[in-house]
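What follows is calculated from the coordinates using simple rules that are stated; it is not laboratory data. Just so you know, these numbers come straight off a predicted model, no measurement behind them. Glycine gets a Cβ as well: all are built from the backbone with ideal geometry, and neighbour counts include every protein chain shown.
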Amino acid sequence: MTRPSQALVDLNALRHNYGLCQTLAPHSQNIAVIKANAYGHGTLPVAKALAPEVPAFAIACTEEALDLRAGGIEQPLLLLEGFFQAEELALAEEHNFWLMIENAEQVATIVAAKLKHPLTVWLKVDTGMHRLGAAITDTPKLYQQLMASPNVAKPVVMATHLACADELDKEMTLNQIHDLESLTARYEAPLSIANSPGLLGWPQARREWNRPGYMLYGDSPFQGSHSEADKLQPVMSFQSAVISLRHIDEGETVGYGATWRAEKPSTIATIPVGYGDGYPRNAPSGTPVMVAGQRASLAGRVSMDLITLDVTGLNSVRIGSPVELWGKNLRVSEVASHANTIGYELLTRMPARLRRVYQD
Ligand SMILES: *Cc1c(COP(=O)(O)O)cnc(C)c1O
């Protein structure tokens, strides 16, 4: 038997989730965001599964885009962080990379470049996130420079990024949408606003181009239940199996630091998954784990290659019983909340060590 730990990636669930984007925003072009190794799921298999349906993919940077081209992906690729050096413009021209840009230096570099074909450029506007994006007052000038340049394909998409679309009671999202709309009212520019929570939760954010990422992988970006997000299907099942079982007496401890103490005679199951496989080390005792279809809980510290679970009183747990760290029966965001983080982080930092197995 080989080590039973793996991430099973359900490509039909991925396609289902992309289909939900299309259903919610049938008049938009929905770009699939597959940066950071497709949020840990594996860039190329994810891109190939979605390629027949998507108009374009989005990634962070030229390096990620070149990997996709090397893997045979032919869709336009939107670079969400634009370009960092002038030399990247030649690559963008050669490979049809679209550039999301945000400052006067980038505009000047594009206008001054010697190119044979115009580049597709999106201009990002800062409507309150204050991370990337041109200031609203600077935008008209940058937009006009781009529109006047033969190096720039028309139209130029105007984009912004929402700061708290996952909090459905916050007014800021409507203010951000309003600010972009009033800024661009005079232009005939296509708009791009929505990330996953924008697309799912804010109909006003669904514009010519949407940029869903996290929702494609099947977890809701919202805290509570949500009529649309609850239709998503988890794509990754982080799976393993019980490899050892033991009974310990009341008062005995488990794991490094002896931090978990049995309050009664207990049954401990050991699973060959640890922080070296992407399970968060700061998940505390009590974090849920599925064992043989039942909820068990982490007992003691997470090791590099192993975790230990309290399975006292659970039915039919034996060596070989299946374990799900997160997946169809336990949301990654629920595990993440125990570990003081978000599902996005747990997924994107999954290491290469953990085998990905693709199910079509
Ligand atoms: C990552 C990213 C997205 C996707 O966000 P999700 O919340 O994963 O849907 C959209 N737009 C930009 C600019 C991004 O960086």
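Among the candidates Thr120, Thr127, Thr137, single out the residue that is without any contact (Cβ under 8 Å) to a residue 24 or more places away in the chain and not acidic (Asp, Glu). Lay out the reasoning, then the answer.
Details: Thr120 fails: without any contact (Cβ under 8 Å) to a residue 24 or more places away in the chain; Thr127 fails: without any contact (Cβ under 8 Å) to a residue 24 or more places away in the chain.
Answer to the selection: Thr137.
Would you pick out the residues in the range 174-202 that are in a helix (DSSP H, G or I) and either among the charged types (D, E, K, R) or away from the ligand (no atom under 16 Å from the Cβ) (or both)? Full working, then the answer.
The initial filter retains those residues of the range 174-202 that are in a helix (DSSP H, G or I), namely 174-184, 196-201.
Scanning the range 174-202 gives Leu174, Asn175, His178, Asp179, Glu181, Ser182, Leu183, Thr184.
For Asn195, are the conditions met, namely being closer than 17 Å to Leu20 by Cβ and surrounded by fewer than 24 Cβ atoms within 10 Å (Cβ to Cβ)? If you could, list the steps in order and put the result at the bottom.
Working: closer than 17 Å to Leu20 by Cβ: yes; surrounded by fewer than 24 Cβ atoms within 10 Å (Cβ to Cβ): yes.
Spelling it out, Asn195 is indeed closer than 17 Å to Leu20 by Cβ and surrounded by fewer than 24 Cβ atoms within 10 Å (Cβ to Cβ).
Just checking, how many residues over the range 267-311 are part of a strand (DSSP E or B), under 14 Å from Gly255 (Cα atoms) and hydrophobic (A, V, I, L, M, F, W, C)?
Here the count works out to 6.
Within the range 100-124, count every residue that is of a type outside the set (Gly, Ala, Ser) and assigned to a helix (DSSP H, G or I). Write out each step before concluding.
First pass over the range 100-124, keeping only residues of a type outside the set (Gly, Ala, Ser): 100-103, 105-107, 109-111, 114-124.
Subsequent filtering for residues that are assigned to a helix (DSSP H, G or I) retains 105-107, 109-111.
Of the residues in that region, 6 qualify.
Residues checked against (1) within 24 Å of Ala258 (Cα to Cα); (2) in contact with a strand residue (DSSP E or B) (Cβ under 7 Å, 6 or more places away or on another chain):
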site	(1), (2)
Leu306	yes, yes
Val311	yes, yes
Pro322	no, yes
Ser337	yes, no
Ala352	no, no
Arg356	no, yes
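Please go through the range 304-360 and pick out each residue that is closer than 16 Å to Phe238 by Cβ, touching a residue at least 60 places away in the same chain (Cβ under 8 Å) and β-branched (Val, Ile, Thr).
Val323, Val332, Thr341, Thr348, Val357
For the range 21-28, check the following and say yes or no: at least one residue is away from the ligand (no atom under 16 Å from the Cβ), over 26 Å from Ala205 (Cβ atoms) and more than 19 Å from the chain's Cα centre (by Cα). Don't jump to the end; show me each part of the working.
If we filter the range 21-28 for residues that are away from the ligand (no atom under 16 Å from the Cβ), which is where we start, we get 23, 26-27.
Applying the additional criterion that residues be over 26 Å from Ala205 (Cβ atoms) yields none.
No, every residue in the range 21-28 fails to be away from the ligand (no atom under 16 Å from the Cβ), over 26 Å from Ala205 (Cβ atoms) and more than 19 Å from the chain's Cα centre (by Cα).
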